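A.B. asks: Structure in structure tokens, see below.
The values are calculated or read from the model by the stated rules, or taken from the named source; none is laboratory data. Just so you know, these numbers come straight off a predicted model, no measurement behind them. So basically every Cβ, Gly included, is an ideal-geometry build from the backbone, and we count neighbours across all protein chains shown.
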Amino acid sequence: MIFVKKGTFVLAGLLSFGLVGCSSQQTQQLGLRSSTVYSSPQQMSNQELCDTYVHGRDSVHTRFAIASEWSRRGLSIKYCKEKNQELFITTAVKALAGISSETKKENANAVQPVQPVAK
């Protein structure tokens, strides 16, 4: 059985609570979002796409594949900068409240699904 001091739990709690008040940009500066992204561009979150395409985070996929998915989703540099500066606690509260981001508009150039032909 491993015994852990109470102070360790308190320190871990304070550190995790402190990170909730950070933005993605601040966690990047701390080196917490510096690992290579291994998932395919279709499976990346918008934040991972922004990190790799706009902010230069390493990925095992080509920049062309990431740019293709970035434009397919209709992301913009403005959207990426806003999301990068948004606090994690704000993101969590918006998700719990069901508030979606109104800043990301539907891109007219995005790939649309094929409509069936009427007979």
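A.B. asks: Could you check Leu75 against (1) in a loop (DSSP other than H, G, I, E, B); (2) out of contact with any Phe, Trp or Tyr (no Cβ under 9 Å at 6 or more places or on another chain); (3) modelled with pLDDT of 80 or more and say which number it fails?
C.D. replies: Going through the list (1) in a loop (DSSP other than H, G, I, E, B); (2) out of contact with any Phe, Trp or Tyr (no Cβ under 9 Å at 6 or more places or on another chain); (3) modelled with pLDDT of 80 or more, Leu75 breaks only (2).
A.B. asks: For region 28-36, indicate whether the set of residues that are modelled with pLDDT of 90 or more, touching a strand residue (DSSP E or B) at 6+ places or on another chain (Cβ under 9 Å), loosely packed, with under 12 Cβ neighbours inside 10 Å and farther than 21 Å from Glu86 by Cβ is non-empty. I'd like the intermediate steps shown before the answer.
C.D. replies: Taking region 28-36 and keeping what is modelled with pLDDT of 90 or more, we get none.
Scanning region 28-36, I find no residue that is modelled with pLDDT of 90 or more, touching a strand residue (DSSP E or B) at 6+ places or on another chain (Cβ under 9 Å), loosely packed, with under 12 Cβ neighbours inside 10 Å and farther than 21 Å from Glu86 by Cβ, so the answer is no.
A.B. asks: I'm trying to understand the selection: among the residues of region 91-104, which are more than 17 Å from Ser45 (Cα to Cα) and either touching a Gly at 6+ places or on another chain (Cβ under 7 Å) or modelled with pLDDT of 65 or more (or both)?
C.D. replies: Passing the criteria: Val93, Leu96, Ala97, Gly98, Ile99.
A.B. asks: Here's another thing I want to ask about it. Of the residues that make up region 79-87, is at least one under 24 Å from Pro113 (Cα atoms), at pLDDT 75 or above and surrounded by 11 or more Cβ atoms within 10 Å (Cβ to Cβ)?
C.D. replies: Within region 79-87, one or more residues are under 24 Å from Pro113 (Cα atoms), at pLDDT 75 or above and surrounded by 11 or more Cβ atoms within 10 Å (Cβ to Cβ).
A.B. asks: Kindly indicate whether Gln42 is in a helix (DSSP H, G or I), of a type outside the set (A, V, I, L, M, F, W, C) and modelled with pLDDT of 75 or more.
C.D. replies: Yes; evaluated as a whole, the condition is true for this residue.
A.B. asks: The conditions are (1) hydrophobic (A, V, I, L, M, F, W, C); (2) part of a helix (DSSP H, G or I); (3) at pLDDT 85 or above, and Leu19 fails exactly one of them. Which is it?
C.D. replies: Result: Leu19 fails condition (3) only.
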